[in-house]
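The structure under discussion appears below in the form of C-alpha cells.
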C-alpha cells in the first residue's frame, strides 16, 4: 500500500534503520501489518495475544508489555522495530556504526536492561521480593507451593543483594548475570 | 514519483530459530548459586519475541506469500510498482481474465450447477435400485466435471488405485470448498456437512434425493455421539458410498496441515487419506472466510489464471492395536503432510477464530517447574540442607 512507503521513508530518517537492512524492514512491516487486525497502523495488546505461541508463553504478558511505552495502549511500527532492535545480535564491527555517542539498543547492557524490566514492573529500578515472586509464579504456575516459592525467592535475593536493601538493583542484576552469555541468549538471527 | 523496489525474495522465514529445548538451555551453567537463575527468563523472553516476529500458526490463516508476482492484484502484497512494462502486462491480464475468462467460466458454472440440480431431481424420483445408483453416479460425475471446467482446474491425480472404496472414510486436507469439487469429479462420495438455508440448502436437499449425503442440523452438530452414530451406520452399510470428511474443520492456506479432529478416527473403519496441493502461481485457492464471502471467493477463483493442483491418493490406513484415536489421527495427518509437501503442525485450525486453551500454557509452566525442582534437588545433594534465609 502507498502509505507503507511513507512509513518506510519516515523510518529511514530514524536511528532504527541502523539496526535493520531495507529488506528486513520491509518484511517486519509486512509482519506488523498482518498482526494489525484493526488496520489502524498500530498494534494493541489483543493483537499480540492472538499469536498462539506467545499466548502459551508463561511470560507472554510481560513480553507484550515491553513493546508498549509507559501508559500507552498502542504501539506503532517505529516502536515495534525499536523493541525488536534489542534482539539484533551484537557484531564486532558495530562499534563504529553508532550515529551518536549513545549505546546501541542491542548492546549487552541494553539487553540486560530489557530483561531487568521484565521483572521490574513498577519501574523503580529495583526488583523487590514481590516482583520476583510475581515472575516466579508466572513461570511455575500452580506446580510449586507458596512456601517453597517464597524460599526460592529469598535465596535468590540473598545471593544477589550486595547492599542489603533486600531488593535487586540493576547493577546487582548485571553482576549476577556476568557469566551468562546474554548476547547469545537475547539475540535473534534476522535473515537477509 | 513512484518507488522502484526489487521484487522481494520471500523464500524462507524472517528469522532463523534455534531448535533448543527448555531443558537444554536452562540446564546450562550460569549465574547465581541458587536453584532459580535470574537468567532463566531469557529463554522465555527470546522465544516470546521470536514468536512475535514469526510464528507457525497465524500465517496459515492468510494466503501464502509468493516468491514472485503472478500478475494478480490480490497477490500483490509487498511489491510496489516495478516497471511500466509489468503494469502493461498486468493490465492485459486483467482484460483477458475479466473480459474473457470470467464470463465464460460463469456461464459454465451456472450450467453445471443448474444441470446438477435438475438431473439429480429427476434421478431422485426413481425408486431405489441399482439403476438409480448408477444414474446418480453418472450425473454427479458429469456435473462436477463441468464445474471443474468452469474453474479451469487442471488436476493431476496420482495413485488412483488407492481410491476410496465403499464402507470407508476419505480424509483430506482442507484449503477451500473447491476441494470437494476436485475429489467429487474423480469419484463418488457421500458428503458430510451442516445443513444450510437458502440456495445452498436447496442444493443440499436436491442432492440428497439421489445420493445418501449426510447433512446435520446446526443443533445436531454439537452432539458428538449423534454424529458418530450416523457416520458409523453409514460406513457399516457397504452399499453406501465412502464418506468425505475434512478433519481440520476449517480452511487452511495449503502450506501446512493442522490438527485433525479425532471424531472421524474413532469410527471403526478404513481411512483413505488424500493429499491436495494447489500450485499458488496460478491463483490463490485458499478461502479466507473472515475476509471474503463465498461469492467473492468464487469470483476470485473464476478470475484467476487457473486452478492447478495435484491430488495424491494414499494407501488406506486402519487404526492399529493400542493406538488411540488421537495418535491415529496424527499418523494419518503426517502421511498426508509428507506426501503433499506440507508442514505438519499439531496446532488446532480452530485457532483461526478462537483463543488458545490455557492448558497449553499450564504445560509450559509444568515443564519449567520440573526443571526447577530437579535443580533444587541436585543442589540439596551437592550442598546439604538448604541455608536458612
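Structure values in brief
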| item | result |
| --- | --- |
| Residue in the range A:116-146 that is farthest from the other protein chains (Cβ to nearest Cβ), counting only those that are in a loop (DSSP other than H, G, I, E, B) and more than 19 Å from the chain's Cα centre (by Cα) | A:128 |
| Test: residue in the range B:230-248 that is in contact with a helix residue (DSSP H, G or I) (Cβ under 8 Å, 6 or more places away or on another chain) and assigned to a helix (DSSP H, G or I) | yes |
| Hits in the range B:189-201 (condition: surrounded by fewer than 20 Cβ atoms within 10 Å (Cβ to Cβ) and in contact with a helix residue (DSSP H, G or I) (Cβ under 8 Å, 6 or more places away or on another chain)) | B:191, B:192, B:193, B:194, B:195, B:196 |
| Matching option when the condition is more than 9 Å from chain B (Cβ to nearest Cβ), assigned to a helix (DSSP H, G or I) and under 25 Å from the mean Cα position of the chain (by Cα), among A:152, A:157, A:174 | A:174 |
| Residue pairs meeting the criteria (Cβ under 8 Å; at least 6 apart or on separate chains; first on the phi > 0 side of the Ramachandran plot, in the range B:13-34; second modelled with pLDDT of 65 or more and part of a loop (DSSP other than H, G, I, E, B)) | B:32/B:38; B:32/B:39 |
| Breaking point among (1) in contact (Cβ under 8 Å) with a residue 60 or more places away in the chain; (2) surrounded by fewer than 19 Cβ atoms within 10 Å (Cβ to Cβ); (3) out of contact with any strand residue (DSSP E or B) (no Cβ under 9 Å at 6 or more places or on another chain); (4) not in a helix (DSSP H, G or I), for residue B:63 | (2) |
| Some residue of the range B:65-82 being modelled with pLDDT of 80 or more and more than 10 Å from chain A (Cβ to nearest Cβ) | no |
| Filtered residue count, the range B:298-318, keeping only those that are closer than 17 Å to residue B:149 by Cα and not in a loop (DSSP other than H, G, I, E, B) | 10 |
| Scan of the range B:207-258 for residues that are over 20 Å from residue B:183 (Cβ atoms), in contact (Cβ under 8 Å) with a residue 24 or more places away in the chain and over 23 Å from the mean Cα position of the chain (by Cα), ordered by number | B:209, B:232, B:236, B:237, B:238, B:239 |
| Enumeration of residues in the range B:110-124 that are surrounded by fewer than 19 Cβ atoms within 10 Å (Cβ to Cβ), without any contact (Cβ under 8 Å) to a residue 40 or more places away in the chain and in contact with a helix residue (DSSP H, G or I) (Cβ under 8 Å, 6 or more places away or on another chain) | B:111, B:115 |
| Among (1) within 8 Å of chain B (Cβ to nearest Cβ); (2) surrounded by fewer than 20 Cβ atoms within 10 Å (Cβ to Cβ) - the single one residue A:162 does not satisfy | (1) |
| Every residue from the range A:15-31 that is buried (at least 18 other Cβ atoms within 10 Å of the Cβ) and more than 10 Å from chain B (Cβ to nearest Cβ) | A:16, A:19, A:20, A:25 |
| Condition met for residue A:53 (at pLDDT 85 or above and facing chain B (nearest Cβ under 10 Å)) | yes |
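The values are calculated or read from the model by the stated rules, or taken from the named source; none is laboratory data. What you see is a predicted model, and the numbers here were worked out from it, not measured in a lab. Virtual Cβ from ideal backbone geometry, glycine too; neighbours counted across all protein chains shown.
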